[in-house]
Each structure stands twice: as C-alpha cells, then as structure tokens.
Amino acid sequence: MMTRRVHPLLIGFTALVFVFLVGPLVIIIGASISDTSFLTFPPRGITLRWYENIFEVSAFTRTMGTSFTLALLGTSLSLLVGIPAAYALSRYRIELPSFLSTVFVLPILVPEIVLGFSIMKSITAGMGVAIYPSLVIGHALLVLPYCVRVVSASLASFDFSIEEAAVSLGCPRWRAFLTVVLPNVRAGVIAAFILAFITSINDVSISLFLTGPGISTLPIQLLAHMEQFFDPTIASVSVLLMLVTVAVMATVEFTLGLTFLTK
C-alpha cells in the first residue's frame, strides 16, 4: 500500500495557521498569570492573584451576571422569533417572496456600530424604552440571523411530508410542529443557541451604545477598567470568558452525544 507524502510547504503553512490561531490565546493566558502589576509576556513569575482580583472587584461580578442574563434572554428571544421564521422560509419558500430571506440577514450586513446607534436612537431615545429592555432587543437583533440561518440549514434536509402525515391523522398543526418538526431539527436549534449565546456574551459594539448608568456588560466594564488600569486582570477576565465559552460548547456537545446514543 503506497502512502502519499505531504509536501513540506503544506506542513509549514498548516503550522503557521495553527500558530496564528493559538498564539494570541497562549499570550493572553501567559499574561494572566504574570506576577507583575502590568501586562507583560512572557510572564515574570507565576501567580493566580489576578484571577482572585476578578471576584474582588464588585463591578466585574455585577456585570458578569448582567452579561450572562442578557445573553440568555437575548438568545431566547431570537430563537422564539428565528425558529418560526426559519420554518416559514423553508416550509413555504415557494409562496413567500424571495427577499424575506435577505431581511433576516440585515443585522449581519449592517455594521454593528450603525445597528447599535439605530437602536439607541429609535428604541431607547425615540420610544423611551428602558436601558435593560433595549439591551435585550439589541442583542436579540444581533444574533437573530445566526438563529435563522442555522435552523434553516437543519430544516433544509427535513421531509415536510412527515408533518403532513401527522396533520392528516388528526394532529393539530401546532402540535405537529412541536412534536414532529422540532425534535428532528433539535441539533440545529442547540447549535443556533450556542452560536447566538457566545456572540451575545462577547458583544461590544451594540452594548456600547445601549448601556447606561447602573447597567453595563462585562466587555464594556473591561474597557472601562483598561482606561484606568492596565494590570493582568484584563487578561484574566479574557481567559475566564474563553473558559466559559469552551464549557458551554463542551456541555452541549456532551449532552448531544448522550442524546444521539440513546436514540
């Protein structure tokens, strides 16, 4: 059996891409454990006191809870709108106008700064909506395209004749949607939730326009901290956010794996 040799240039290019992707993460982790009062790499000594400092600063703990709650509410709202929208676009793609699929992608096409300013001008200032509901609406609009696209991709391979068979046997259409359609696209819904949740919790541009007195998110608080201090706490918060992202993805992947094994 003959084995194909890999060209050295391809190996070198792959290694460069790997370093490009992993290098910044290594630098941030190294800076977060540095025993200095300023950001530096490589670390001069090793300490975990900057991780302890995260929970000693009340602003970080407060905004951390706000960010998680906001990401959960914004993602849930976007899924409540995005799943029916994806279903309609896939189920009735012939009857519906073709431009509707483009409408749900507009938050991605429009720069986040423009989107954040528009929401602040029209909803927060124009309609007098409070800061927190405005943040929920803004984050829901931000992640809505991801929910619609990912769920639509799952529905593309779904056979809608199964749903019609359930309806023809006397099942109400809303119950057929919940018991027949949704279980078959469950993986797509969970993938959309992960992508939307991670995008929301790391957002800066939308939150920068919509936060106000007494209400802020962790990324915005991190920027405010950098204006006064440049210590490794910044890197520690960044590492913590990365760990939360990895934990969410690993938990869902483990759950999905168990789900598929029990089928």
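Could you pull the Rg and Dmax for the stretch 119-171, using just the Cα atoms, both in Å?
18.7, 51
Size of the chain along its principal axes in angstrom, Cα-based, largest extent first?
72, 70, 35
Could you please tell me the mean projected area of the C-alpha convex hull for the stretch 133-199, averaged over all directions and given in square nanometres to one decimal?
5.1
Can you work out the Karplus-derived ³J(HN,Hα) for every residue in the stretch 122-130? Use 6.51 cos²θ - 1.76 cosθ + 1.60 with θ = phi - 60°, whole Hz, and x for glycine or proline.
Once θ is set to phi - 60°, the couplings for the stretch 122-130 become 8, 9, 5, 7, x, 9, x, 6, 5 Hz.
Please report, in Å, the Rg and the Dmax of the stretch 6-143, where both are computed over Cα atoms only.
22.4, 65
Sort 202-212, 11-21, 133-143, 106-116 for me by packing, meaning the mean count of neighbouring Cβ atoms within 10 Å per residue, highest on top.
Ranked from most to least packed, the peptides come out as 133-143, 202-212, 106-116, 11-21.
Mind pulling the angle between the C-alpha long axis of helix 131-155 and the longest principal axis of the chain? Nearest 10 degrees, somewhere in 0 to 90.
60
Per 0.36 nm of contour for each residue apart, how much would the distance between ILE11 and ILE131 grow if the chain were fully extended, relative to their Cα-Cα spacing?
Extending this stretch completely gives an extra 38.1 nm.
Any chance you could give the angle, 0 to 90 degrees and rounded to 10, that helix 233-261 forms with the longest Cα principal axis of the chain?
30
Per residue, how many Å² of accessible area does the chain show with a 1.4 Å probe?
58
When the scattering of the stretch 131-244 is computed by the Debye formula from its Cα atoms alone, each counted once and equally, what is log10 I(q)/I(0) at q = 0.12, 0.17 Å⁻¹?
So the normalised log intensities work out to -0.61, -0.89.
Note down the relative contact order for the chain as a percent, whole number, built from C-alpha pairs under 8 angstrom at least six residues apart.
With pairs under 8 Å counted, the relative contact order is 29 percent.
Given Cβ point charges of +1 (Lys, Arg) and -1 (Asp, Glu) and nothing else, what value in debye, to the nearest 20, does the dipole of the stretch 1-154 about its Cα centre take?
It works out to roughly 440 debye.
Evaluate the charge dipole of the chain about its Cα centre and quote only its size in Debye, nearest 20, assuming +1 on the Cβ of each Lys and Arg and -1 on the Cβ of each Asp and Glu.
With only Lys, Arg, Asp and Glu charged at Cβ, the dipole is about 540 debye.
What 222 nm value per residue comes from the helices of the chain, counting each DSSP H run with n ≥ 4 as -39,500 (n - 2.57) and dividing by all residues, nearest 500 deg cm²/dmol?
-22500 deg cm²/dmol
Roughly how tilted is helix 218-228, in degrees to the nearest 10 and between 0 and 90, from the longest Cα axis of the chain?
Helix 218-228 sits roughly 20 degrees off the main axis of the chain.
Considering only protein heavy atoms and a 1.4 Å probe, what is the carbon-and-sulfur percentage of the accessible area of the chain?
That fraction is 72 percent.
Using a 1.4 angstrom probe with every protein chain in place, what is the largest-first accessible-area order of MET64, MET242?
MET242, MET64
Excluding ligands and nucleic acids, what accessible area in Å² is computed for ILE83 using a 1.4 Å probe, to the nearest 10?
My reading of the accessible area for ILE83 is about 30 Å².
The values are calculated or read from the model by the stated rules, or taken from the named source; none is laboratory data. Just so it is clear, the model here is predicted, and its values are computed rather than measured. Cβ atoms come from the backbone with ideal geometry, glycine included; neighbour counts cover every protein chain shown. Just the protein is used for accessible areas: all its heavy atoms, side chains included, with ligands, DNA and RNA removed. Shrake-Rupley method; radii C 1.70, N 1.55, O 1.52, S 1.80 Å.
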